[in-house]
Amino acid sequence: MEGARLFDAKTFKEIMEHNMYIDSSIRDKIKSNLESLLNVRLIEVDVDAGDNERIDVIAMGSENNPLIVLFQTVKSESVAAKAVFYLDWLINHKSLFNKLAQKAMPNINIDSIDWPKAGLLCIGGDFTKYDQYIVSHIDRNIELIRCKKYDRDILIIETVYKPAGAKLSRPIAASLEATVPNVEQNRAKRYTKISPTPRIGYCQIQDGKHYAVFPGKEKCEIFEIPISIYLAQNQFVLVDEYNRFQYAFPYWLNDNEMLSSNIASFAVVSLKDSSIFIDRGDNVLLKLNNIPSSVQLRDKNIVSVDSQNNFLRFYKQVRHNADSFMMSAKAKGHTLAFVLKILDDGVLLRDIETGKEFFRDMDTEGITFKEQQILCLHEGNIVHTLTSCKFYTLSSFYDRFEYGTVEIKEGLTFLKKLSGEIVMINDAPDYLRPGQVAYVDENNNFCGIEDDGDGLEVDAVKRNVSNISTFKRVSKKERIEVTKQVLILGNKAYENSYKLCLLKFGYKTEVLEGFEPWAKISNELRDTDVVVVVTSHISHDNMWRVKKEITDIPVVYSEFDGANRILEQVLAAENISKEVRTAR
């Protein structure tokens, strides 16, 4: 006989086990009985962790230690990756935990909370041997608890893995303290101590490995990067004395930047009592000297300093998209896949790097990810989930934009696409105005607008296209390049039709009523390449001024107000203008 079996003592009939996953009813019952089941006190449920992440339960352990209770709802989830992610979140949000704890337990002494023992309880229907193996090697206070349901509403809770002794959590990432490894672990893993203190460097990814580069061009491989964390090329990281990963800062070194020989170290800014300090990674605060009056530093900025802690420069934030992190994912052997459709028997995915679509068989009942999210796959297993689709759609890997003009009706924002289809724009920003040219992804999520005066291609801030040439591919579907601006003096009721029709050929279009004051019309002429006059919809005075004052740019006089007829005349005028310039 293999494994334990449960029998009724009176009838000796076996009580059958159900295929168990933690559904909402079981989850709610466990939450309501945490103290009797797990000896922990409930503080708060369903806590917003930002970036569309929710934490199931925040609780207080029997040793007055902060805890997160995480429910594993599908076996294919990577327990270790999620556990480390949420435990780091807990440790970095002390003040929020203290506030919630005081609300739930008014008599609690905040100073008595044992933060070094902060931990996580993961409750699931079952765990693989790989889950237990990885968790046992992470050196974090993480417990795995199996929950099985049998007939007759019997529930069995069993601890599968519990850290031996008092395994401590990593210190708060913001304090930059590094984990000091125990002697046995160092002997087993044979890491070499290469620095007397933790320090900050920037990441370089080469030959499938992540390296930390320090001032003086010293380069060392980074060890123990959590499975759920990707690093961007040139992103600043904190490593300990053994060059083991500790923290990733949201800042990076500019591409192709030549480092000054005066740089002694990189450091993180700490603002305290109206003074500016730095921490070079060793958790020692030092006064930052000689900051230029034109520089405004923020808390947690990364800066470089010389040997006397004089300010040299600060660095920009990392672009959080697939362009930045694809190289790191590939170095780990991971595939980033966009969730297109969730079906009963599996999931339709798209490989973000290649654009190829594929189907993955799985039982989708009880899964935690959703459509339009990104799955990080390793050897077919889900190791992490990215909740924001913009990680993909705001990268150069995405090539399915659709353009159109903005329409606002009864407070709702719509897009009239080039195809003529009208759709509601998801996540439409408040600054959109009727008549603007905007573009959305295949699910009609807002992606950006035409950048006034510079055309669509310059919208680099909203598109966040990476400068990393290694992984910047040529899009299958090029964005429309706006090269000319047309001013139409005619019936403004046809504005959207004009804009859509001419946009297909790279023309940005402005439409003014032909009866507008000439001062307003002349103001629009400054950046105009072609003027179209609808002769049936313009005042005599404005017609006279057009013929007299517009002499340096082509003018098209159209008897028709249809968009297609006007487009034909604009293209013809452009060709004539080119021939004249060539002849000259």
* Ranked from highest to lowest mean number of other Cβ atoms within 10 Å per residue, what is the order of the peptides 343-351, 416-424? -> 343-351, 416-424
* Asked: Of Ala104, Gly346, Ser293, whose Cα points farthest to the positive end of the dipole of the chain (charges on the beta-carbon: +1 Lys, Arg; -1 Asp, Glu; origin at the Cα centre)?
  -> Ser293
* Computed label-point distance, nm, for sites Lys370 and Ser136 using a 7 Å Cα→Cβ extension -> 3.8 nm
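Calculate the dipole size of the chain relative to its Cα centre from +1 charges on Lys and Arg beta carbons and -1 charges on Asp and Glu beta carbons; express the result in debye to the nearest 20.
Numbers: 74 positive and 83 negative charges, 260 e Å.
With only Lys, Arg, Asp and Glu charged at Cβ, the dipole is about 1240 debye.
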* Asked: Nearest 0.05, what FRET efficiency do Ile422 and Arg298 give at R0 = 35 Å with Cβ-Cβ as r?
  -> 0.25
* Asked: Once you put a point 7 Å from the Cα of Ala572 and another 7 Å from the Cα of Asp351, both along the Cβ direction, what distance in nm separates them?
  -> 5.0 nm
* Structure fact -> Taking the dipole of the chain about the Cα centre (Lys, Arg +1; Asp, Glu -1; charges at Cβ), the one of Phe391, Ile134, Thr535 that reaches farthest to the positive side is Ile134
* Structure fact -> Phi-derived 3J(HN,Hα) across the range 121-138 with the Karplus relation (6.51, -1.76, 1.60, θ = phi - 60°), rounded Hz, x for Gly and Pro, is 10, 9, 10, x, x, 6, 10, 7, 5, 6, 4, 5, 5, 5, 4, 5, 9, 7
* Asked: Once amide H atoms are built 1.01 Å from N in the peptide plane, which residues 5 or more positions from Asp114, or in another chain, come under 5 Å H to H?
  -> Asn65
* Asked: What number, in percent, do you get for the relative contact order of the range 24-161 if the mean sequence gap of Cα pairs under 8 Å and at least 6 apart is divided by its residue count?
  -> 19 percent
* **Amide proton proximity set for Ile276, modelled H, under 5 Å, gap of 5+** => Leu288
* Can you tell me the FRET efficiency between Ile157 and Asn381 if r is taken as the Cβ-Cβ distance and R0 is 25 Å, rounded to the nearest 0.05? => 0.45
* Structure fact -> Once Lys and Arg are counted +1 and Asp and Glu -1 for all other residues with Cβ under 11 Å from that of Leu120, the total becomes -1
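Working out 0.36 nm times the residue gap between Glu549 and Gln206, then minus their Cα-Cα distance, what length gain in nm do you get to one decimal?
Working: separation 343, 0.36 × 343 = 123.48 nm, distance 6.17 nm.
Result: 117.3 nm gained on full extension.
Listed highest first by mean packing, meaning other Cβ atoms within 10 Å per residue, what order do 264-276, 490-502 come in?
Working: 264-276: 16.2, 490-502: 19.8.
Packing order, densest peptide first, comes out as 490-502, 264-276.
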* Near the amide H of Ser265, under 5 Å away, which other amide H atoms are found, from residues 5 or more places off or on another chain, if H is placed in the peptide plane? -> Val305
* Structure fact -> Between the modelled labels at Val284 and Gln308 (7 Å from Cα along Cα→Cβ) the distance in nm is 1.9 nm
* So if R0 is 30 Å, what FRET efficiency would Ser275 and Ile194 give, r being the distance between their Cβ atoms, rounded to the nearest 0.05? -> 0.40
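Return a whole-number percent for the relative contact order of the chain, with Cα pairs under 8 Å and 6 or more residues apart as the contact set. Kindly include the intermediate steps, with their values, before the conclusion.
Details: 1131 pairs, mean separation 43.4, N = 584.
Computed value for the chain: 7 percent relative contact order.
All of the numbers you see were taken from the coordinates with simple rules; none came from a lab. Just so it is clear, the structure is predicted and the values come from calculations on it, not from any experiment. All Cβ positions, glycine included, derive from the backbone under ideal geometry; neighbour counts span all protein chains shown.
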